[in-house]
Every structure is written in C-alpha cells, then in structure tokens.
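Asks: Supplied in structure tokens, the structure appears directly below.
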Amino acid sequence: MANLPSIRIRARRKYYRLIFTGLMALMMSLIISSALLLVKVGFVDGFFIELMHSWGLAFVFAWPSAYVCAYLVQEHVLSRIEFY
C-alpha cells in the first residue's frame, strides 16, 4: 500500500474549542439531516440536493449551539469533577 503523506495543520491553542465544535457540528448536522430526511421523505430523486440545503441550515444552528454547550460543559461541569 502506498504511503500517503499526512496533512498537518498548525493552529493556536485558543482556537481549539472553536475548531472542535465546528467539526463536531459539521458531522452531527450531516448525520441528523440525513436521518431526518430519510425518515421524512425516503430516498427520492433529488435527495442529495435536498440534503445539502437541509445540512446547510442545520449547520447554521448547530455550530453556535455546540460552541455554547461546549463552553458550559467545560467551564461549569467538568471543572467540578476531579479526574484521576
């Protein structure tokens, strides 16, 4: 198997939460949009076009809510738990 070069991106630590929540919101909004669209209308002609519209709208709401939730959980919940 060919050895493919790995892609590495450098970013400042202060952007960790922003990048993490963005990627999580991206994946979760795709999964949820796909599942709801399949349940609602099934796999029909134009499914992927409809999915892209649905996914875009879901991501607009998912990223800010994921960012706020990540902040609340990290700062106010996980800070009160002693991990060992």
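The values are calculated or read from the model by the stated rules, or taken from the named source; none is laboratory data. Everything numeric in this text was worked out from a predicted model, so none of it was measured. For the accessible areas, the whole protein counts, side chains as well, though only heavy atoms, and no ligand, DNA or RNA atoms are used. Shrake-Rupley method; radii C 1.70, N 1.55, O 1.52, S 1.80 Å.
Asks: How long are the semi-axes of the ellipsoid equivalent to the chain, from square roots of 5 times the Cα gyration tensor eigenvalues, in whole Å, largest first?
Replies: One finds semi-axes of 30, 22, 12 Å for the chain.
Asks: Each residue of region 17-34 in order: what ³J(HN,Hα) in whole Hz does its phi give by Karplus 6.51 cos²θ - 1.76 cosθ + 1.60, θ = phi - 60°, with x for Gly and Pro?
Replies: 4, 5, 5, 4, 5, x, 5, 5, 5, 4, 5, 5, 5, 5, 4, 5, 4, 4
Asks: On to the next question. Determine the per residue accessible area of the chain with all protein chains present and a 1.4 angstrom probe, expressed in square angstrom.
Replies: 92
Asks: Taking only C-alpha pairs under 8 Å that are 6+ residues apart, what is the relative contact order of the chain in percent?
Replies: Averaging sequence separation for qualifying contacts and normalising by length gives 41 percent for the chain.
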